[in-house]
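Novice: Sharing a structure, written as C-alpha cells. Questions coming.
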Amino acid sequence: MVVYLDLLSQPCRAVYILLTCTKIPHKVHAVALRKGEHRTPEFTNMNLMQKVPVLVDSGFILTESDAILKYLATQYDVPEHWYPRQPQQRARVDEYTAWHHTNTRAHAAKVFILEVLLPRHMGSAVDKVALNNALSNLKNTLDKLETMFLRRQPFLCGDDITVADLLAICELMQPLGAGRDILKDHPQLQRWRSRVQSAVGKSFDEAHAVLYALRDRRQAKM
C-alpha cells in the first residue's frame, strides 16, 4: 500500500497518524503541494481532483481522508475503537465526520489561510477584519465541540479514540503554523488534545513536525 501525502495538509496528517500508530504496513510518497506536485500529469491520472491524501492499495485507488480513514480501520487488523462495528457507536463517528467538514475543518483552516497562506502567496499584510471574523466563527465551533461532542466523555465520540478525533485534532493544530494556539482558552479541549496525543504516541509529533518547523521559522523572524 502506498499513500500520497503532504504533512502540511491536515487530512494527510490524520491518515499518517492512523497508519503509523496502528502499524499498518505502508509506504509514503511525499507530494509537495507548494511545488505543484499534485498537478502533474502522473498525479492527475490517479486523482482528477488533484488533492491529497490518496491511497493506492493493490490497485485500489481511494481519495478523501474520511473515506481513507474508515477504509483502513475496516480493512486492516486494528483495534475496533477506531471505527466501531456496533451501529450506534459507528453512527456517532459518522455524525461527527459529517459535521466536521463544514465546521471544524472550514473554520480552523480559514484562520491558517488568512494568517499564513494568503500573506505568503500575495505578499500582503494579514486582513485583520477577515481574521477576526474567522476567529469568531472558530470560537463558535470550539464551543460546540465542547458542548455537543465532548460533553463529559473523554473523546469526541465516546470513551475511546476514533478516526473522528484524528480528523479534528489535525485541523485544530493547523493555526499553530502561525504561532496561534487556538485551544489556549479552552481547557476542556486542551485536556482532550493531551488524551489524543497520549493515545497515538510519537506518531502525533512525527506528523506535526513540519507544522512545528513552520511555527518556529515564523517566530524567529518576529
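Novice: Can you pull out the residues in the range 94-114 that are touching a helix residue (DSSP H, G or I) at 6+ places or on another chain (Cβ under 7 Å) and open to solvent by 70 Å² or more (accessible area, probe 1.4 Å)?
Specialist: Result: ARG105, LYS110.
Novice: In addition: Taking VAL126 as meeting all but one of (1) in a helix (DSSP H, G or I); (2) farther than 30 Å from ASP57 by Cα; (3) in contact (Cβ under 8 Å) with a residue 12 or more places away in the chain, write down the number of the exception.
Specialist: (1)
Novice: Still on this model: Mind checking which residues of the range 129-162 are modelled with pLDDT under 95 and either farther than 17 Å from LEU183 by Cα or aromatic (Phe, Trp, Tyr) (or both)?
Specialist: The one that is modelled with pLDDT under 95 and either farther than 17 Å from LEU183 by Cα or aromatic (Phe, Trp, Tyr) (or both): ARG152.
Novice: Select from the range 4-21 the residues that are open to solvent by less than 30 Å² (accessible area, probe 1.4 Å), of a type outside the set (A, V, I, L, M) and outside any helix (DSSP H, G or I) and list them in ascending order. It would help to see each step written out before you state the result.
Specialist: Step one: of the range 4-21, the residues open to solvent by less than 30 Å² (accessible area, probe 1.4 Å) are 5-6, 9-15, 17-19.
Keeping just the survivors that are of a type outside the set (A, V, I, L, M) gives 6, 9-13.
Result: ASP6, SER9.
Novice: Tell me the helices (runs of 4 or more DSSP H) entirely within the range 134-222 that contain at least 3 residues that are open to solvent by less than 40 Å² (accessible area, probe 1.4 Å), closer than 21 Å to VAL111 by Cβ and not aliphatic (A, V, I, L, M). Break it down into steps so the answer makes sense when it comes.
Specialist: Values: elements: 163-173, 187-200, 203-221.
Fully inside the range 134-222 and qualifying: 163-173.
Novice: Within the range 121-151, take every residue that is among the basic types (Lys, Arg) and under 16 Å from ARG193 (Cα atoms) and give me the one that is nearest to the chain's Cα centre (by Cα).
Specialist: Going through the range 121-151, the residues among the basic types (Lys, Arg) turn out to be 128, 139, 144, 151.
Of the ones still in play, those that are also under 16 Å from ARG193 (Cα atoms) are 144, 151.
Details: LYS144: 18, ARG151: 21 Å.
Result: LYS144.
Novice: Okay, next question. Which pairs turn up if I take residues in the range 203-222 that are touching a residue at least 60 places away in the same chain (Cβ under 8 Å) and under 13 Å from ALA14 (Cα atoms) and look for partners that are of a type in the set (S, T, N, Q) and surrounded by 11 or more Cβ atoms within 10 Å (Cβ to Cβ) with beta carbon separation below 6 Å, at least 6 apart in sequence or on another chain?
Specialist: Correct list of pairs: SER203/THR20; PHE204/GLN197.
Novice: Can you say whether ASN132 is over 28 Å from TYR4 (Cα atoms) and of a type outside the set (A, V, I, L, M), as far as the supplied structure shows? Break it down into steps so the answer makes sense when it comes.
Specialist: Details: over 28 Å from TYR4 (Cα atoms): yes; of a type outside the set (A, V, I, L, M): yes.
Spelling it out, ASN132 is indeed over 28 Å from TYR4 (Cα atoms) and of a type outside the set (A, V, I, L, M).
Novice: I'd like the full set of residues that are open to solvent by less than 40 Å² (accessible area, probe 1.4 Å) and either in a loop (DSSP other than H, G, I, E, B) or touching a His at 6+ places or on another chain (Cβ under 6 Å) (or both), limited to the range 40-74.
Specialist: ASN47, VAL52, PRO53
Novice: For residues that are open to solvent by less than 30 Å² (accessible area, probe 1.4 Å) and among the charged types (D, E, K, R), tally how many sit in the range 115-133.
Specialist: 1
One line per residue, one yes/no per condition, for (1) touching a residue at least 24 places away in the same chain (Cβ under 8 Å); (2) within 30 Å of LEU138 (Cβ to Cβ); (3) within 17 Å of the chain's Cα centre (by Cα):
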{"position": "ILE17", "(1), (2), (3)": "yes, yes, yes"}
{"position": "CYS21", "(1), (2), (3)": "yes, yes, yes"}
{"position": "HIS26", "(1), (2), (3)": "yes, no, no"}
{"position": "LEU48", "(1), (2), (3)": "no, no, no"}
{"position": "LEU55", "(1), (2), (3)": "yes, yes, yes"}
{"position": "TYR76", "(1), (2), (3)": "yes, no, no"}
{"position": "GLU80", "(1), (2), (3)": "no, no, no"}
{"position": "ARG85", "(1), (2), (3)": "no, no, no"}
{"position": "ARG105", "(1), (2), (3)": "yes, yes, yes"}
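The values are calculated or read from the model by the stated rules, or taken from the named source; none is laboratory data. These numbers were taken from a predicted model, which means no experiment stands behind them. Counting neighbours? That spans all protein chains shown, and the Cβs are built from the backbone with ideal geometry, glycine included. Ligands, DNA and RNA are excluded from the accessible area calculation, which covers all protein heavy atoms including side chains. Shrake-Rupley method; radii C 1.70, N 1.55, O 1.52, S 1.80 Å.
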